[in-house]
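> Quick one: the structure is below, questions incoming.
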Amino acid sequence: IKDTVRLNSGLDMPQHGFGVYLITDEDRGRAAIDRALESGYRAFDTAQFYENEALVGQLLKESGVPRKDLFITTKVTNPKQGYDSTLKSVEQSLKDLQIEQIDLLLIHWPSKKHFFETWKAFEKLYDEKLVRTIGVSNFEIHHLEKLAIKANIKPAVDQMEIHPYFTQAALRDYLKKNGIAAEAWSPLGRGAVLGDETIGKIAGKYGKSAAQVIIRWHLQSGTIVIPKSQTPSRIAQNANVYDFSLTDDEIKTIDARDRSDGRTGPVPDKVYEEI
Ligand code: A2P
C-alpha cells in the first residue's frame, strides 16, 4: 500500500489505512493487526472513544514494525474537549499508544461548548510537535467556516462518513476547493453497500469483490479510506486493490448510487456532548 496524499501541512499521509474501531479483544486484535501489517497496511486509525489506544499501541509495538514506518491517527473524544482537558487527554493518548508523537490528531465530533478551545489546544500540540498534523472529523461546511474565523492553522483532514450510498458530494467539493483532505469512515457503509447489485456487476467484471470495488472508488476519487474488519481474510482482501482500476464511467455510476437515506451514523449537530 503505497499511495499517499499530500496534506496541507506538507505531510504525506497513506491514502489507505486500517480502522480499528471495535477492536478491543487482545487475541482477535493481534490477529487483525498482524494481518493488516502483513497485507501492507501502515496507517492505523483509532480514537479515545474506541477505548483501545493502549491495546493498539501494544500490538503495534509488539509487531516490531519501526515507528517511523507507521502513521497513527487518534481523535479527542467529546467529553475531553476544551483547552486543558484536550491537552491532558492527548498526553494520555501518547502514553497509551506508547509513542512520542501522533501523526494525525482529529476532533472527533464538533462540540458546541468547546468549539474554539479544543482547536487552540490542537494548535499548541502542533507547535510543540507532539502531533504532526491536526484535523477534524464529522465537520460539515458550516462547522469548517466557523472554525476558520479563529483558527491560525487550517485543518488538514476532515474525516466523515462517506460511501456509495452517502457520497457527500457537496462537502467533498468544498474540502477540495479549500485544500482539506477528505477521509472516509465506514467506507463500506458498515457493510450495507456490499450487496448493491450495480457494484456487484462491476466487481464481477474485474473478478473482484464489492468491497474491493468500493475501496477503489474511494482511492480513485482522491479520498483517504480506512476500512475496518476483524476477519483476517477480509483484511487481506481489502488491501488487495492495486491490480485493477475503475473507468471514469464506473466511478460516475458508483457516484450515482448516493441516496437520501444513505447515512448510517449520527447527524453531527445532533451528537450529544458526551459522545
Ligand atoms: P468484519 O469485521 O466482521 O469482517 P465499514 O468500514 O464501512 O464500517 O464496514 C465494516 C464492516 O464491513 C464490518 O462489519 C466488517 O465485518 C465488514 N467488512 C469489511 N471488509 C469486508 C469485506 N471485504 N467483505 C465483507 N465484509 C467486510
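> So for the chain, Kirkwood radius off the Cα pairs, Stokes-Einstein at 25 °C and 0.890 mPa s: how many µm² s⁻¹?
Result for D is 130 µm²/s.
> Filter the trypsin sites (Lys or Arg not before Pro) in region 185-275 down to the DSSP loop ones having no more than 15 other Cβ atoms within 10 Å, then list what survives.
259, 263
> What nm value, rounded to one decimal, do you get for the distance between residue 27 and residue 256 when each label is placed 7 Å out toward the C-beta?
Result: 4.9 nm between the two label points.
> Right, something else. Taking 7 Å along the Cα-to-C-beta vector as the label spot, tell me the residue 177-residue 248 distance in nanometres, rounded to one decimal.
According to this spin-label approximation, the distance is 2.2 nm.
> Now, a different point. Hand me the trypsin sites (Lys or Arg not before Pro) from region 67-176 located in a DSSP loop with no more than 14 other Cβ atoms within 10 Å, in residue order please.
The qualifying sites are 112, 113, 129.
> Hey, if you put +1 on the Cβ of every Lys and Arg and -1 on every Asp and Glu Cβ in region 117-234, which of 181, 209, 160 ends up farthest toward the positive end of that dipole?
With unit charges placed on the Cβ atoms, the residue in question is 209.
> Say R0 is 25 Å: what FRET efficiency, to the nearest 0.05, do residue 113 and residue 88 get from their beta-carbon distance?
Plugging the Cβ-Cβ distance into 1/(1 + (r/R0)^6) gives 0.90.
> Let me ask another. Considering only DSSP beta bridges where both residues belong to the chain, give the percentage that are antiparallel (nearest 5).
The antiparallel proportion sits near 15 percent.
> In addition: Based on DSSP loop calls and a cut-off of at most 11 other Cβ atoms within 10 Å, the longest stretch of the chain free of exposed GluC sites (Glu not before Pro) is what?
129-273
> Need the full-extension length gain, residue 128 to residue 95, defined as separation in residues times 0.36 nm minus the C-alpha distance. One decimal, nm.
10.3 nm
> Hey, another quick one. Say R0 is 35 Å: what FRET efficiency, to the nearest 0.05, do residue 154 and residue 194 get from their beta-carbon distance?
0.50
None of the figures in this text is laboratory data; all of them are computed from the coordinates on show. What you are looking at is a predicted structure, and each value in this text was computed from that prediction instead of being measured. Don't worry about glycine lacking a Cβ; one is built from the backbone with ideal geometry, like all the others, and counts go over all protein chains shown.
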